[in-house]
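The values are calculated or read from the model by the stated rules, or taken from the named source; none is laboratory data. Computed from a predicted structure; not experimentally measured. Heads up, the Cβs are rebuilt from the backbone with ideal geometry, glycines too, and the neighbour counts pull from every protein chain shown.
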Amino acid sequence: MDKLNRIHSIDVIRGFAILGIAFANILPLSTPLLYDSFPSSLWTSHHNRIVEKLLFIFAEGNFYSLFSMLFGFSFMIFMDRAAAKGNNPYKLFSKRQIILLGIGILHAFFIWYGDILIVYAIFGILLLPLYKAPKRIISMMIVIVLLPNFFILYNLIGYNYDPSEYLDHNYIISVIMNYQSGGTLLFLQNFYDWLNTYQPDNLPYLYISIFPMFLIGVLVAKNKSILLKITAKHFIFWGIFGLIGTSIKLLPVLKPSSLLYLQAAEAIGNPLMSLFYGLSVLLIMHKFKVSLTLIGNIGRTSMSNYLLQNIIGFVIFKVFHLYGTLSPSKLIIISCLMALFQIWLSYLWLLLFRQGPIELIWRRLTYFKTDKLKNKKFISSSSL
């Protein structure tokens, strides 16, 4: 596998992650999941409960972990390319993160409180001291950052709770009404939800769940043979990650009252499932000799597609006042249609342009230079 194919495989994995996020985000985009119980108190029919549980096992948290790992990988690629061009990689990456922070703030405050870009912008800066670090140091850092998760899990052994005790149904209804009303109430509710999600007490938990995935991506970038040569070990780890990851994610579905199982699903299940998904893409491309270019197009325009998903959700659920009214079985159909639309749109866009629109803005603000936007391949072919 040459350099071009290697980068393409990462684009495909990133595209797969973005499409997966469309399913992972559909419930929090459309319902007050932040204040609801698991399973949801809003949708109690059998088929809706099944959809909700399937989304929890196979989507919720898994794709963000995968996307976080790819962020760490991209950090190394960016730094290496900047250094190869004679630029100061530390300065450029810092500028890039500041711009990412600005994009995240606009997205979080005006589109959706569940934005992850602000967290990536802040935690991503912490990667800079590790750029030149040897692989053994990165491996040690992964263990050190993950370690608090196991202390938390140990302290939760035998601790159960009743979700109904913490459920305020009247407040859930008021949240739905605020989002449906639009205008100032909509934005105030969104801002309040962002404050609840990213309050200072939550930041350490975000750090020990996101930063280790950054580090795994950095480690993969420092050991590219993992991507270059598929061996029997890839299949073995694929099976292990998938079996253990699915089993751990299944535990809170079987016993939702266990805080231990819920935390284990987040701290262990999500990362294992993300590694399982990443390996699945690599093995499919290797085994069946397919390029999966359409999914790779999503990866090449990942930032634009991530924001587009949430903008579409904003329009459907808040502009059209459908927030809190659509059941999970209907929402899953919207996710499928959104994924197909993004595959089609990304294909058409990259026929005409080199980068996604947000990627282009991000790059120009980082380098303060004007790149040619048009796709040379399209220009040459259309001129024949």
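The table below lists the values:
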quantity: Filter result for Ser139 (surrounded by 11 or more Cβ atoms within 10 Å (Cβ to Cβ), part of a helix (DSSP H, G or I), among the polar types (S, T, N, Q) and over 24 Å from the mean Cα position of the chain (by Cα)); calculated: no
quantity: The lone exception for Ala121 - which of (1) closer than 28 Å to Leu27 by Cβ; (2) in contact with a Gly (Cβ under 9 Å, 6 or more places away or on another chain); (3) touching a residue at least 40 places away in the same chain (Cβ under 8 Å) it fails; calculated: (3)
quantity: Test set (1) surrounded by fewer than 16 Cβ atoms within 10 Å (Cβ to Cβ); (2) over 30 Å from His107 (Cβ atoms) - Leu203 fails condition number; calculated: (2)
quantity: Top-ranked residue in segment 235-257 [being of a type in the set (Ser, Thr, Tyr) and in a helix (DSSP H, G or I); ranked as nearest to the chain's Cα centre (by Cα)]; calculated: Thr246
quantity: Search result, residues across segment 308-320 that are surrounded by 21 or more Cβ atoms within 10 Å (Cβ to Cβ), among the hydrophobic types (A, V, I, L, M, F, W, C) and in contact (Cβ under 8 Å) with a residue 40 or more places away in the chain; calculated: Phe317
quantity: Candidates Phe75, Phe23, Phe71, Phe63, filtered to the one that is over 30 Å from Ser225 (Cα atoms), modelled with pLDDT of 95 or more and within 21 Å of the chain's Cα centre (by Cα); calculated: Phe23
quantity: Hits in segment 135-185 - residues which are under 18 Å from Leu260 (Cα atoms), among the polar types (S, T, N, Q) and either touching a Gly at 6+ places or on another chain (Cβ under 6 Å) or free of Cβ contacts under 8 Å to residues at least 12 places away in the same chain (or both); calculated: Asn155
quantity: Leu260, sole failed condition from (1) crowded, with 20+ Cβ neighbours inside 10 Å; (2) part of a helix (DSSP H, G or I); calculated: (1)
quantity: Helices (runs of 4 or more DSSP H) fully within segment 167-234 counting 3 or more residues that are of a type in the set (Phe, Trp, Tyr) and over 22 Å from Ser280 (Cα atoms); calculated: 183-197, 203-222
quantity: Flag if Tyr323 is surrounded by 18 or more Cβ atoms within 10 Å (Cβ to Cβ), aromatic (Phe, Trp, Tyr) and under 13 Å from Gly20 (Cα atoms); calculated: no
quantity: The lone exception for Trp112 - which of (1) in a loop (DSSP other than H, G, I, E, B); (2) under 17 Å from Met303 (Cα atoms); (3) of a type outside the set (S, T, N, Q); (4) without any contact (Cβ under 8 Å) to a residue 24 or more places away in the chain it fails; calculated: (4)
quantity: Yes/no for Ser329 being among the polar types (S, T, N, Q) and crowded, with 19+ Cβ neighbours inside 10 Å; calculated: no
